[in-house]
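K.L.:
This is the structure I have questions about; it appears just below.
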Amino acid sequence: MDQAQKKRQAARAAIDFIEPGIRLGVGTGSTVNLFIEELARVRDRIAAVTASSRETEQRLKAAGFEVAELAETGDLDLYVDGADEANKHFHLIKGGGGALTREKVLAAASRRFVCIIDDSKWVAVLGRFPLPVEVVPMAQSYVARQMVRARGQPILRKGFVTDNGNVILDVHQLSITNPPDMEARFNQIAGVVTVGIFASRPADVILMAEDAGIKRFDRR
Ligand code: 5RP
């Protein structure tokens, strides 16, 4: 099975979590795009849906959904999103698509966070994937220097502006052995809007597609 087929499998498996009357948050990325396609089958179960990015909002609308703001839905029953990396502690790296800030807000506002990945995303230690950090534009060189002090190699994501009008530093060469600690420390740096470590609010369920099928992990 190739990676695209695995992403489709993971997206399909998440449909089982859509219960009648649900208030749903939808993430961003190629795996989530497949989830949006699958979601049309269970349209009548969804009471309200909100999106983590403009791109997802457009895709949901194109699929015939009315998309609400988080302020209208209130807290969510379920958030479904992909990840760039995941580990056995349900910690994630996210933000490859640049939507990390709104993704973190929706994850925080949700009772349950189901993460859909293929097995290429599974790692023992986070940090092989460069860590996305959303930064206020005027602070980019200051934050980059702090990243170098933390032994990372920050690279500005060229030509990319987030939905919030900010820039992204992709920080290479970090070995994230203590994700909650690094998330908290980087969050304290002036000018950082969001760090792409999702550890203080980890996933609750990971649905990982591999050749043998879907592997499900539940956080206690
Ligand atoms: C977007 C994200 C995505 O979840 C992450 O990049 C994974 O994307 P894909 O499903 O395309 O592999 O965090 O900001």
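K.L.:
Quick one: Kirkwood hydrodynamic radius for segment 19-58, alpha-carbon pairs, angstrom, one decimal?
P.N.:
Details: mean 1/r = 0.0964 Å⁻¹.
That comes to 10.4 Å for segment 19-58.
K.L.:
Now for a different question. Suppose only helical runs count, i.e. DSSP H with n ≥ 4. What mean residue ellipticity at 222 nm does that imply for the chain under -39500 (n - 2.57) per run, divided by all residues and rounded to the nearest 500 deg cm²/dmol? Numbers along the way, then the final one.
P.N.:
On the way: 7 runs with 63 residues, N = 220.
Result for the chain, helices only: -8000 deg cm²/dmol.
K.L.:
Over what distance in Å are the Cα centres of segment 147-162 and segment 67-125 separated?
P.N.:
Result: 21 Å between the Cα centres.
K.L.:
Give me the percent relative contact order of segment 1-56, please, defined on Cα pairs under 8 angstrom at least 6 residues apart. Each step should come with its number before you reach the end.
P.N.:
Details: 63 pairs, mean separation 24.5, N = 56.
Over segment 1-56, the number comes to 44 percent.
K.L.:
Return one number: the angle in degrees, 0 to 90 and rounded to the nearest 10, between the long axis of the Cα atoms of helix 30-39 and the longest principal axis of the Cα atoms of the chain.
P.N.:
Rounded to the nearest ten degrees, it is 20.
K.L.:
With a 10 Å cut-off between alpha carbons and a GNM built on the chain, which of Lys121, Lys94, Lys158 moves the most?
P.N.:
Most flexible of the set in this elastic network: Lys158.
K.L.:
Please find the FRET efficiency linking Ala190 to Arg111, where r is the Cβ-Cβ separation and R0 is fixed at 35 Å, and quote it to the nearest 0.05. Spell out each step's value before the answer.
P.N.:
Details: r = 32 Å, r/R0 = 0.92.
With a Förster radius of 35 Å, E is 0.60.
K.L.:
Once you order the gyration tensor axes a ≥ b ≥ c over the Cα atoms, which shape class does segment 68-144 get: rounded for a/c under 1.5, otherwise prolate or oblate by comparing a/b with b/c? Don't jump to the answer; show the numbers that get you there.
P.N.:
On the way: a/c = 2.56, a/b = 1.09, b/c = 2.35.
Oblate.
K.L.:
Please name which of Ala212, Pro130, Gln58 has its Cα lying farthest along the dipole of the chain towards the positive end, using unit charges on Cβ (Lys, Arg +1; Asp, Glu -1) and the Cα centre as origin.
P.N.:
Checking the options against the dipole of the chain, the answer is Pro130.
K.L.:
A further question follows. Over the chain, calculate the relative contact order: mean separation of alpha carbon pairs under 8 Å at least 6 apart, over the residue count, as a percent. Before the final figure, lay out the partial values.
P.N.:
Details: 487 pairs, mean separation 49.0, N = 220.
Taking the mean separation of contacting Cα pairs over the length of the chain, I get 22 percent.
K.L.:
Report, largest value first, the span of the C-alpha coordinates of segment 166-220 along each principal axis, in whole Å.
P.N.:
For segment 166-220, the Cα extents along the three principal axes come out at 44, 24, 23 Å.
K.L.:
When all alpha-carbon pairs of segment 1-106 are counted, what percent fall beyond 16 Å?
P.N.:
Working: 3101 of 5565 pairs.
Beyond 16 Å sits 56 percent of the P(r) for segment 1-106.
K.L.:
How far, in degrees from 0 to 90, does helix 3-14 lean away from the longest principal axis of the Cα atoms of the chain, to the nearest 10?
P.N.:
Tilt relative to the chain: about 60 degrees.
K.L.:
Relative to the present Cα-Cα distance, how much length would full extension add between Lys158 and Arg220 at 0.36 nm per residue of separation?
P.N.:
Numbers: separation 62, 0.36 × 62 = 22.32 nm, distance 3.98 nm.
So the extension gain works out to 18.3 nm.
K.L.:
Follow-up question, since we're still on this one. With N set to the number of residues, divide the alpha-carbon radius of gyration of the chain by 2.2 N^0.38 Å and report two decimals.
P.N.:
Values: Rg = 16.8 Å, N = 220, 2.2 N^0.38 = 17.1 Å.
In units of the 2.2 N^0.38 Å rule of thumb, it is 0.98.
K.L.:
Turning to a different aspect of this structure: Looking at the chain only, what percent of DSSP beta bridges run antiparallel? Nearest 5 please. List each step's numbers first, then the result.
P.N.:
On the way: 23 of 42 bridges.
About 55 percent, rounded to the nearest 5.
Here, each number is a calculation from the coordinates, and none is a lab measurement. Values in this document were obtained by computation on a predicted structure and should not be read as measured data. Cβ atoms come from the backbone with ideal geometry, glycine included; neighbour counts cover every protein chain shown.
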